1. Which of the residues spanning the range 187-204 are under 15 Å from LEU217 (Cβ atoms) and in contact (Cβ under 8 Å) with a residue 24 or more places away in the chain?
2. Could you tell me which residue of the range 181-217 is farthest from GLU163 (Cα to Cα), considering only residues that are open to solvent by 50 Å² or more (accessible area, probe 1.4 Å) and hydrophobic (A, V, I, L, M, F, W, C)?
3. When you check ILE112 against the structure, is it buried (at least 16 other Cβ atoms within 10 Å of the Cβ) and over 25 Å from ARG94 (Cβ atoms), yes or no?
4. Pairs only if they're at least six apart or on different chains, beta carbon under 9 angstrom, first in the range 1-25 and touching a residue at least 60 places away in the same chain (Cβ under 8 Å) and among the hydroxyl-bearing types (Ser, Thr, Tyr), second surrounded by 15 or more Cβ atoms within 10 Å (Cβ to Cβ) and in a loop (DSSP other than H, G, I, E, B); list them, first residue then second.
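The values are calculated or read from the model by the stated rules, or taken from the named source; none is laboratory data. Keep in mind it's a predicted model, so treat the numbers as computed, not measured. Heads up, the Cβs are rebuilt from the backbone with ideal geometry, glycines too, and the neighbour counts pull from every protein chain shown. We work out accessible area using only protein heavy atoms, side chains counted, and drop any ligands, DNA or RNA first. Shrake-Rupley method; radii C 1.70, N 1.55, O 1.52, S 1.80 Å.
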Amino acid sequence: MVSLDEAVTARLKKGSKEFEILVDPELGLAFKRGEPVDIAKALAVEGVFEDARGGERIAETDLISIFHTDDVLEIAKQILTDGELQLTKEQRKRFLEEKRRMVVTFIAQNAINPQTMAPHPPQRIELAMEEAKVNIDPMKSVDELVNITMKAIRPLIPIRFEEVSVAVRIPALYAPRAYGEVSGFGKMLKNEWQKDGSWIAVIRIPAGMQTDFYAMLNHFTKGEAETKLIKDDAPKKD
């Protein structure tokens with residue numbers, strides 16, 4: 001159990017009252033992110049407070065009235081799930097950097113420059129985010145942050161989400177091993193084994209992952225894979 005000096009506050013407001021608990025900063029953050037955590041170990045003290053630092057506990061009648069239970073562990077789960085966790089300075093910095101990397105990676109892998117039909121390098125996306133002053137909220141989901149980021153950087157760089165279909169032919173020597181790698185990149189639209197042992201497929205992948213996809217094929221087939229980008233009229237994704 002974390003010491004009171006090292007604990008941080010998690011707070012949830014319901015109606016006119018605020019409910020606070022004191023938690024281990026790392027375990028509280030892990031719980032908030034959906035990781036399996038023993039809530040009893042996360043609490044610095046088993047209690048629900050009106051003012052955690054001041055030691056003012058909430059009356060049991062108020063707990064039952066609002067949460068329909070006086071079980072501190074169950075109430076603590078609700079507070080951490082729905083409430084606000086006061087991150088330490090180090091946590092917040094680390095979490096912000098982590099979330100930013102996840103947003104940049106997602107956009108780089110799934111978006112393209114529609115003028116060139118090529119992916120934007122991660123560095124270009126990062127520069128656009130800096131120029132647009134994109135605010136990364138560590139408590140927002142990656143999906144939410146991606147939407148916020150795309151809206152902010154579109155006026156600065158040509159970018160959109162898009163998928164492409166790629167036809168692939170793998171020689172018999174490499175086909176069995178390459179099958180799993182190819183299918184893991186996206187949605188398989190066509191999948192046929194040929195009489196000579198070669199394998200042909202059509203796979204739909206995020207447009208931004210084309211470079212990685214071709215690099216993987218070259219690695220597994222020593223440059224002997226054949227590919228063709230298939231033009232289609234699938235709707236573009238913003």
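1. Within the range 187-204, SER198, TRP199, ILE200, ALA201, VAL202, ILE203 meet the criteria.
2. Among those residues, the one meeting the criterion is TRP193.
3. When the stated conditions are applied, ILE112 passes them.
4. From the range 1-25, the pairs are THR9/ALA52; THR9/GLN86.
Listed here are the residues, each with its yes/no results for (1) under 30 Å from THR81 (Cβ atoms); (2) crowded, with 19+ Cβ neighbours inside 10 Å; (3) touching a residue at least 40 places away in the same chain (Cβ under 8 Å).
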{"site": "ILE125", "(1), (2), (3)": "no, yes, no"}
{"site": "MET139", "(1), (2), (3)": "yes, no, yes"}
{"site": "ILE148", "(1), (2), (3)": "yes, no, no"}
{"site": "ILE157", "(1), (2), (3)": "no, no, yes"}
{"site": "ARG160", "(1), (2), (3)": "no, no, yes"}
{"site": "TYR179", "(1), (2), (3)": "no, no, no"}
